[in-house]
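Worksheet for the structure shown next.
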Amino acid sequence: MPPAPTLQELIDGVRADAPGEDALLQLSHASKTAADLEQTTDALLGHFVDQCRRDGCSWSEISGALGVSKQAAHKRFSLDVPTFERFSDRARTVLAQSKEEAHRLGHGFVGTEHLLLALFDAPDGLAAQVLAQAGITRSTIETRILALIKRGAASEEGRIPFTPRAKAAIQSAVTEALQLGHNYVGTEHLLLGLFIDNEAIAAKILVEVGASYDIFKARITEASDSL
């Protein structure tokens, strides 16, 4: 396995991507590189933590291997994607398609950004309708994703893990459905769930394009009540 890039190698890579003396342009490229690395390392750790849990390792053993406290490891990695019995067919399609979106962009993980992009693959879903009403398009979202995380080489088909933040967003969708008194989890709840972590890529992009959790929730509530 090749060693991880050194700090100097990363600096040299940013300067190669943004040649010249424009410090702000270099900072922008550095930010993209950092976001890419963060998402990849997050998914990497999540993958092997999941493997350890499947192999029967305790949280004490996992925290020891990670070099963090048991509480910190459990808080970050204990989130499991919920079972999908209550998810609508459209919501299940979005979850499945999020993996396809990650594969298409050459990313070896499914992050909140891929969940957001996959909402457009269910055009009849309430989430896609709410996004359209707000003037938010698939092309806009994909452009902003690629501005933050570089397109990778086409990855092999297979198991692509959800990042901890993506898992948290999916769990939050269940909470949103319960709070709205709905007996199902739809695409609209997945959309609201993406706002749970304002440091997640999807939440950042939604805010950047002018989306609002409160406005989206009000529109979803109004649309649901009219059914």
Inset, instruction - Confirm whether Lys150 is more than 13 Å from the chain's Cα centre (by Cα), more than 21 Å from Asp214 (Cα to Cα) and in contact (Cβ under 8 Å) with a residue 60 or more places away in the chain. - result: yes
Inset, instruction - Determine the pairs where a residue that is assigned by TED's automatic domain parsing to the domain that holds Leu115, located within the range 186-197, has a partner that is assigned to a loop (DSSP other than H, G, I, E, B) with Cβ atoms under 6 Å apart, the partner being 6 or more residues away or on another chain. - result: Gly186/Ser88; Thr187/Ala122; Thr187/Gly125
Legend entry - Criterion (in contact with an Asp or Glu (Cβ under 7 Å, 6 or more places away or on another chain) and either free of Cβ contacts under 8 Å to residues at least 40 places away in the same chain or crowded, with 18+ Cβ neighbours inside 10 Å (or both)) met by exactly one of Leu178, Leu126, Leu115, Leu119: Leu126
Inset, instruction - Just give me the residues in the range 181-223 being out of contact with any helix residue (DSSP H, G or I) (no Cβ under 6 Å at 6 or more places or on another chain), outside any helix (DSSP H, G or I) and crowded, with 18+ Cβ neighbours inside 10 Å, in sequence order. - result: Ala211
Inset, instruction - Would you mind stating whether Ser139 is under 19 Å from Ser88 (Cβ atoms), out of contact with any Gly (no Cβ under 7 Å at 6 or more places or on another chain) and exposed (fewer than 13 other Cβ atoms within 10 Å of the Cβ)? - result: no
Inset, instruction - State whether the residues of the range 157-179 include one that is more than 21 Å from Thr93 (Cα to Cα) and in the same structural domain as Gly111 (by TED's automatic domain parsing). - result: yes
Inset, instruction - Give the range 163-195 a look and list any residue that's within 22 Å of Ala34 (Cβ to Cβ) and β-branched (Val, Ile, Thr), or say none. - result: Thr163
Legend entry - Every residue from the range 125-136 that is touching a Gly at 6+ places or on another chain (Cβ under 9 Å) and assigned to a helix (DSSP H, G or I): Leu126, Ala127
Inset, instruction - Starting from residues that are modelled with pLDDT of 70 or more and surrounded by 15 or more Cβ atoms within 10 Å (Cβ to Cβ), keep the ones in the range 69-79 and report whichever is farthest from the chain's Cα centre (by Cα). - result: Lys70
Inset, instruction - Just need a number here: residues in the range 80-96 that are at pLDDT 90 or above and of a type in the set (S, T, N, Q). - result: 2
Inset, instruction - Of the conditions (1) loosely packed, with under 15 Cβ neighbours inside 10 Å; (2) within 22 Å of Gly106 (Cβ to Cβ); (3) modelled with pLDDT of 75 or more, His29 clears all except one; give me its number. - result: (1)
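The values are calculated or read from the model by the stated rules, or taken from the named source; none is laboratory data. Just so it is clear, the model here is predicted, and its values are computed rather than measured. Cβ sites come from the backbone with ideal geometry, for glycine too, and all protein chains shown count toward neighbours.
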